[in-house]
Amino acid sequence: MIGYLVGRTYDNASFAEAGVLPRVADACRRLHAGPRFTGDFDMFARQARYLRTVHERGYPVHDGYEELDEAFQRARRALAVRAEPTVPCNNDLLAGNFVDDGERLWLIDYEYSGNNDACFELGNTSTECDLDADQVEELVTAYDGRHRRSRLARVRLQALVSAYGWSLWGVIQASASSLDFDFDTWAAERCEKAARGFTSDRFETLLEEATRGD
């Protein structure tokens, strides 16, 4: 069944408005507390599949992409240390997938939905919607109801995981899609985000904070 929602669709600038991030956190919490999906979503497994596709079909990857795999795997191991049970997630909450009807914030487009780490949902949202560091902290604190350093670190790591994984999706689309869209630039932007995060001085701290309790 396809329905129609009357409301305002967000863009990245919407998240700077007062009161929006707590509502985003509440909408995510409600989804995550709902019934489980029939399938799972794991960006680590998905990225590996995307990489096989790229190699098998000879699609070009961005310079330095595969050199970041060690950092990507370190993030995977750190996130596994204190992993929590998966929850139903949208996994693709870019700004246009939030619709505000004035009373309720709706999440739409469940093409990539599946049970996943809640921190991936928040991390993916933060990078796709270009939230700054303070906005990410506000979102995560609103989601948990209190500040949790380990949770914030997990979300920041998952934002890098998201950017790294989805960039390969963009590479595949750039070579295979007939849509009139600049997938190559889209993919390059995500690869650059991942590279900045994985090579920053802060990365080591995030790995440490994600593996310990608050």
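The values are calculated or read from the model by the stated rules, or taken from the named source; none is laboratory data. Only a predicted model underlies this, so the values are computations on that prediction, with no experimental measurement involved. Here the Cβ positions follow ideal geometry from the backbone for every residue, glycine too, while neighbour counts run over all protein chains shown.
Which residues, counting only those in segment 107-130, are over 19 Å from Ala83 (Cα atoms), touching a helix residue (DSSP H, G or I) at 6+ places or on another chain (Cβ under 6 Å) and of a type outside the set (D, E, K, R)? Matches in segment 107-130: Leu107, Ile108, Ser126, Thr127, Cys129. Number of residues in segment 90-123 that are in contact (Cβ under 8 Å) with a residue 60 or more places away in the chain and either among the hydrophobic types (A, V, I, L, M, F, W, C) or within 14 Å of Arg154 (Cα to Cα) (or both) equals 13. In segment 18-47, the residues that are part of a strand (DSSP E or B) reach residues that are among the polar types (S, T, N, Q) and surrounded by 12 or more Cβ atoms within 10 Å (Cβ to Cβ) with C-beta atoms within less than 6 angstrom, at least six apart or across chains, in these pairs: Asp40/Asn115.
Evaluation of Val6 against the conditions (1) at pLDDT 95 or above; (2) farther than 28 Å from Asp134 by Cα shows that the sole unmet condition is (1). Taking segment 1-48 as the range and being more than 15 Å from Glu121 (Cα to Cα) and of a type in the set (A, V, I, L, M) as the test, the residues that pass are Met1, Ile2, Leu5, Val6, Ala13, Ala16, Ala18, Val20, Ala45, Ala48. Is at least one residue of segment 65-76 surrounded by 13 or more Cβ atoms within 10 Å (Cβ to Cβ), in a helix (DSSP H, G or I) and free of Cβ contacts under 8 Å to residues at least 24 places away in the same chain? Yes, segment 65-76 has at least one match. Annotation note: Cβ proximity below 7 Å between a residue of segment 162-183 that is within 23 Å of Asp42 (Cβ to Cβ) and a residue that is of a type in the set (D, E, K, R) (sequence gap 6+ or interchain) occurs for Ala163/Arg190; Ala163/Lys193; Gly165/Arg46; Trp166/Arg190; Ser167/Arg190; Gly170/Arg190. Within this structure, Glu103 passes the test of being more than 17 Å from the chain's Cα centre (by Cα) and part of a loop (DSSP other than H, G, I, E, B).
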